[in-house]
Amino acid sequence: MATELTHYIGGKHVKGGSGRFADVFNPATGDVSGQVPLANEDEVNAVIENSQAAFHAWAATPVPKRAAIMFSMREVMTQKKDKLAEAISQEHGKTFEDALGEIQRGIDVVEFACGIPHLIKGELSPNVGGDIDTYSIREALGVVGGITPFNFPVMVPCWMGVMAVACGNAFINKPSERDPSAALILAEFWTEAGLPDGIWNVLNGDKVAVDGLLTHLNVPAISFVGSTKIGEYVYQTGNAHNKRVQSFCGAKNHMIVMPDANMDQAVDALMGAGYGSAGERCMAISVAVPVGEGTADELVKRLKPRVQGLKIGPYNDPEADMGPVITGEAKDRIEGFITQGTKEGADLVVDGRGVSLQGYEEGFFLGGSLFDRVTPEMEIYKQEIFGPVLSVARARDFDQAVTMVNDHEYGNGVAIFTQDGDAARAFSSKVDVGMIGVNVPIPVPMAFHHFGGSKRSKFGDSQMHGPQSVHFFTKMKTVSARWPSGIKDGAQFTMPTNR
Ligand code: NAD
């Protein structure tokens with residue numbers, strides 16, 4: 001029996017009123033587990049009004065009190081993380097341990113936001129001239145929208161929303177319609193942590209909800225995470241409506257394996273980063289680039305049995321390395337890429353199609369796939385497959401490996417495995433990629449650093465979390481003040497200077 005899901009507005013669950021719903025699946029069984037309401041324009045306007053009404057009091061709340069709520073949210077999330085992980089795994093399909101890992105990365109942002117009194121501090125220059133003091137302060141923007149993808153239903157709303165509300169804004173999360181339940185639970189947690197009603201609302205929906213946020217006069221900023229096609233649209237539409245927009249998008253992350261790399265470490269790294277979460281991570285490694293034929297032969301020889309041995313299972317199987325992919329449609333699309341790769345002439349070393357799990361025959365499971373001799377002209381190289389498919393694209397030498405990375409349309413993450421500091425240093429400076437790992441396969445920065453890609457993996461010039469997020473979610477005001485105790489300047493008609 002499918003549960004009817006809700007929106008979360010003003011501190012409570014609110015039933016959808018549009019009459020439009022989308023199916024939410026349990027990807028392990030293929031069953032429809034829920035029906036998520038898809039907001040209409042009136043509902044979009046109503047949630048923005050609710051957030052707007054709550055905003056001013058929250059923005060005026062002393063910053064230590066806002067920080068105190070961040071501290072309580074940390075406790076609520078930590079104590080109730082299993083409930084959240086269960087909701088993630090049931091609708092996303094990732095393993096329970098992986099869901100807990102995602103939640104921890106969300107808690108990391110809450111911990112960073114506990115320092116908001118320090119992060120949001122202004123600047124003051126006394127006596128810049130004629131007894132004038134100048135100070136700059138950062139103020140909240142208002143109601144900000146956060147449009148989030150299916151693959152991290154808790155971590156990504158935390159990346160953006162936690163910093164938005166810590167800065168004094170009201171946040172509206174528009175989660176993915178494929179796994180919206182965790183976002184609703186996260187909103188309940190905020191209420192429990194003492195966040196005033198209306199400061200963290202959840203509006204469920206599709207393009208109608210997104211367009212409503214993107215075009216509304218009272219939404220000055222939008223943070224988006226998702227595919228490049230939609231992210232570019234969000235960026236351009238938001239800009240055309242005079243909004244501040246940051247948009248974090250698709251990826252094709254390479255891992256260079258140099259001839260001197262520690263092969264055991266490189267193979268372990270590729271297994272976890274290529275197949276963890278069924279390859280549905282924006283920082284997954286989807287292309288291994290061994291340098292030299294000898295390195296390539298050795299790598300493929302070692303990867304093959306490991307990929308064949310991957311354990312696939314439902315989220316609550318503690319033995320499972322990875323779960324199903326998100327939908328039947330995603331499974332068909334990934335299988336289509338595998339077929340295309342064989343037609344394009346790549347060597348399919350391990351074929352993950354056609355997996356059937358006893359008791360879960362209708363689930364959206366795929367085994368791990370491994371391609372060798374993939375070249376940059378192939379579609380399986382150019383496109384983000386977003387599934388458990390790793391391509392090996394052989395490079396002649398270091399320079400060719402760097403060229404492959406730089407010629408790719410995406411530039412989210414990249415890694416190099418080597419024991420040569422010189423090569424690693426040259427690599428880090430030559431590649432046009434936002435996040436670089438040296439013997440680290442998934443270099444997702446901690447919350448106190450910045451997350452963000454390059455090229456068509458990101459639109460907009462600001463990064464996610466870290467101190468820059470305070471800039472994104474606030475506007476600066478600069479005051480020049482003088483207290484004229486008996487000073488008589490007379491009228492001054494020339495440009496004031498301090499000389
Ligand atoms: P998606 O682009 O399909 O959806 C993202 C959001 O956009 C969802 O909330 C969805 O409802 C909304 N949306 C979908 N179609 C829309 C339309 N036509 N108009 C307006 N809004 C629309 O992405 P996804 O499949 O949920 O997530 C996977 C993608 O996200 C991958 O490309 C992955 O690389 C990317 N991603 C990037 C990062 C990053 O930080 N760079 C992080 C996570 C995921």
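Could you please tell me which pairs satisfy a Cβ distance under 7 Å, a separation of 6+ or placement on different chains, a first residue in segment 117-131 that is among the aliphatic types (A, V, I, L, M), and a second residue that is surrounded by fewer than 13 Cβ atoms within 10 Å (Cβ to Cβ)?
Pairs found: Val128/Asn498.
Of the residues Ile256, Ile326, Ile334, only one is crowded, with 22+ Cβ neighbours inside 10 Å, in a helix (DSSP H, G or I) and of a type outside the set (Phe, Trp, Tyr); which?
On the way: Ile256 fails: in a helix (DSSP H, G or I); Ile326 fails: in a helix (DSSP H, G or I).
Matching residue, one of Ile256, Ile326, Ile334: Ile334.
What pairs come up if the first residue lies in segment 45-65 and is in contact (Cβ under 8 Å) with a residue 24 or more places away in the chain and under 27 Å from Leu119 (Cβ atoms), the second is of a type outside the set (Val, Ile, Thr) and not in a loop (DSSP other than H, G, I, E, B), and their beta carbons are under 6 Å apart, counting only those six or more places apart or on different chains?
Pairs found: Ser51/Ala170; Ser51/Asn201; Ala54/Ala170; Phe55/Ala170; Ala59/Ala140; Val63/Pro117; Pro64/Pro117.
From Leu195, Leu186, which residue is away from the ligand (no atom under 13 Å from the Cβ) and in a helix (DSSP H, G or I)? If you could, list the steps in order and put the result at the bottom.
Values: Leu195 fails: in a helix (DSSP H, G or I).
Exactly one of Leu195, Leu186 is away from the ligand (no atom under 13 Å from the Cβ) and in a helix (DSSP H, G or I), namely Leu186.
Can you find, within segment 406-429, the residue that is surrounded by the most Cβ atoms within 10 Å (Cβ to Cβ) among those that are more than 18 Å from Asp260 (Cα to Cα) and more than 16 Å from the ligand (Cβ to nearest atom)?
Of everything passing the filter in segment 406-429, Asn406 is surrounded by the most Cβ atoms within 10 Å (Cβ to Cβ).
Which pairs have Cβ atoms under 9 Å, sit 6 or more apart or on different chains, and link a residue in segment 1-15 that is within 27 Å of Ala53 (Cβ to Cβ) and in the same structural domain as Asn173 (by TED's automatic domain parsing) to one that is assigned to a strand (DSSP E or B) and of a type in the set (Asp, Glu)?
Taking only residues 6 or more apart or on different chains, the pairs are Lys15/Glu4.
Out of segment 210-224, which residues are among the acidic types (Asp, Glu) and within 19 Å of Phe248 (Cβ to Cβ)?
The first filter runs over segment 210-224 and keeps only residues among the acidic types (Asp, Glu), leaving 211.
Within segment 210-224, no residue meets the criteria.
Every residue, every condition in (1) under 26 Å from Arg333 (Cβ atoms); (2) assigned by TED's automatic domain parsing to the domain that holds Thr327; (3) touching a residue at least 60 places away in the same chain (Cβ under 8 Å); (4) among the charged types (D, E, K, R), yes or no:
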{"residue": "Ser369", "(1), (2), (3), (4)": "yes, yes, yes, no"}
{"residue": "Ile385", "(1), (2), (3), (4)": "yes, yes, yes, no"}
{"residue": "Asp397", "(1), (2), (3), (4)": "no, yes, yes, yes"}
{"residue": "Val414", "(1), (2), (3), (4)": "yes, yes, yes, no"}
{"residue": "Gln419", "(1), (2), (3), (4)": "no, yes, yes, no"}
{"residue": "Ser428", "(1), (2), (3), (4)": "no, yes, no, no"}
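For Gly437, indicate whether it is of a type outside the set (A, V, I, L, M, F, W, C) and touching a Ser or Thr at 6+ places or on another chain (Cβ under 8 Å). Full working, then the answer.
Details: of a type outside the set (A, V, I, L, M, F, W, C): yes; touching a Ser or Thr at 6+ places or on another chain (Cβ under 8 Å): no.
Answer is no for this residue.
Would you be able to tell me the number of residues in segment 217-231 that are within 7 Å of the ligand (Cβ to nearest atom), surrounded by fewer than 20 Cβ atoms within 10 Å (Cβ to Cβ) and assigned to a loop (DSSP other than H, G, I, E, B)?
1
Taking the condition of being surrounded by 15 or more Cβ atoms within 10 Å (Cβ to Cβ) and out of contact with any helix residue (DSSP H, G or I) (no Cβ under 6 Å at 6 or more places or on another chain), how many residues in segment 341-352 meet it?
Of segment 341-352, the ones surrounded by 15 or more Cβ atoms within 10 Å (Cβ to Cβ) are 341, 344, 346, 348-352.
When the remaining residues are screened for being out of contact with any helix residue (DSSP H, G or I) (no Cβ under 6 Å at 6 or more places or on another chain), the result is 344, 346, 351-352.
Of the residues in segment 341-352, 4 are surrounded by 15 or more Cβ atoms within 10 Å (Cβ to Cβ) and out of contact with any helix residue (DSSP H, G or I) (no Cβ under 6 Å at 6 or more places or on another chain).
So is Ile172 more than 9 Å from the ligand (Cβ to nearest atom), of a type outside the set (Phe, Trp, Tyr), in contact with a Leu (Cβ under 8 Å, 6 or more places away or on another chain) and not in a helix (DSSP H, G or I) or not? So that I can check it myself, show each step before the final result.
Numbers: more than 9 Å from the ligand (Cβ to nearest atom): yes; of a type outside the set (Phe, Trp, Tyr): yes; in contact with a Leu (Cβ under 8 Å, 6 or more places away or on another chain): yes; not in a helix (DSSP H, G or I): yes.
In short, yes.
The rows are residues; the columns are (1) part of a strand (DSSP E or B); (2) in contact with a helix residue (DSSP H, G or I) (Cβ under 6 Å, 6 or more places away or on another chain); (3) at pLDDT 95 or above.
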| residue | (1), (2), (3) |
| --- | --- |
| Glu139 | yes, no, yes |
| Phe152 | no, yes, yes |
| Ala164 | no, no, yes |
| Gly168 | no, yes, yes |
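Which ones in segment 260-283 are outside any helix (DSSP H, G or I) and either outside the structural domain of Arg333 (by TED's automatic domain parsing) or in contact with a strand residue (DSSP E or B) (Cβ under 6 Å, 6 or more places away or on another chain) (or both)? Reasoning before the result, please.
As a first pass, look at segment 260-283 and keep what is outside any helix (DSSP H, G or I): 260-262, 280-283.
Ala261, Met283, listed by residue number.
Name the single residue, out of those in segment 34-89 being part of a helix (DSSP H, G or I) and among the β-branched types (Val, Ile, Thr), that is surrounded by the fewest Cβ atoms within 10 Å (Cβ to Cβ).
First pass over segment 34-89, keeping only residues part of a helix (DSSP H, G or I): 41-59, 63-79, 81-89.
Those left that are additionally among the β-branched types (Val, Ile, Thr): 44, 47-48, 63, 69, 76, 78, 88.
On the way: Val44: 25, Val47: 29, Ile48: 23, Val63: 16, Ile69: 23, Val76: 19, Thr78: 13, Ile88: 27.
Here the residue is Thr78.
Report, ordered by the first and then the second residue, all pairs with beta carbons closer than 9 Å, sequence separation of six or more or different chains, a first member in segment 338-349 that is on the phi > 0 side of the Ramachandran plot, and a second member that is not polar (S, T, N, Q).
Within 9 Å, the pairs are Gly345/Arg373; Gly345/Met378.
Would you confirm whether or not segment 105-118 contains a residue that is modelled with pLDDT of 95 or more, assigned to a strand (DSSP E or B) and in contact with a Cys (Cβ under 6 Å, 6 or more places away or on another chain)?
Here is the first cut: in segment 105-118, the ones modelled with pLDDT of 95 or more are 105-118.
Add one more test, that the residue is assigned to a strand (DSSP E or B), and what stays is none.
For segment 105-118, residues modelled with pLDDT of 95 or more, assigned to a strand (DSSP E or B) and in contact with a Cys (Cβ under 6 Å, 6 or more places away or on another chain): absent.
Of the conditions (1) buried (at least 21 other Cβ atoms within 10 Å of the Cβ); (2) under 18 Å from Pro290 (Cβ atoms), Asp399 clears all except one; give me its number.
Going through the list (1) buried (at least 21 other Cβ atoms within 10 Å of the Cβ); (2) under 18 Å from Pro290 (Cβ atoms), Asp399 breaks only (1).
Tell me whether segment 76-87 contains one or more residues that are more than 20 Å from the chain's Cα centre (by Cα), within 30 Å of Val219 (Cα to Cα) and either of a type outside the set (Phe, Trp, Tyr) or in the same structural domain as Met322 (by TED's automatic domain parsing) (or both).
Checked against the condition, which is being more than 20 Å from the chain's Cα centre (by Cα), within 30 Å of Val219 (Cα to Cα) and either of a type outside the set (Phe, Trp, Tyr) or in the same structural domain as Met322 (by TED's automatic domain parsing) (or both), segment 76-87 yields at least one hit.
Quick check on this structure: which one of Val374, Val392 is touching a Ser or Thr at 6+ places or on another chain (Cβ under 6 Å) and hydrophobic (A, V, I, L, M, F, W, C)?
Values: Val392 fails: touching a Ser or Thr at 6+ places or on another chain (Cβ under 6 Å).
Every option except Val374 fails the conditions.
Only one of Gly250, Gly238 is within 16 Å of the ligand (Cβ to nearest atom), touching an Asp or Glu at 6+ places or on another chain (Cβ under 6 Å), outside any strand (DSSP E or B) and over 23 Å from Pro318 (Cβ atoms). Can you tell me which?
Values: Gly238 fails: touching an Asp or Glu at 6+ places or on another chain (Cβ under 6 Å).
Result of the check over Gly250, Gly238: Gly250.
Checking Met1 against (1) part of a helix (DSSP H, G or I); (2) over 29 Å from Thr215 (Cβ atoms), only one condition comes out false. Which one?
Going through (1) part of a helix (DSSP H, G or I); (2) over 29 Å from Thr215 (Cβ atoms) one by one, Met1 breaks only (1).
The values are calculated or read from the model by the stated rules, or taken from the named source; none is laboratory data. Here the structure is a predicted model, which means the values were calculated and not measured. Because the Cβ atoms are built from the backbone with ideal geometry, glycine has one as well, and the counts that use them run over all protein chains shown.
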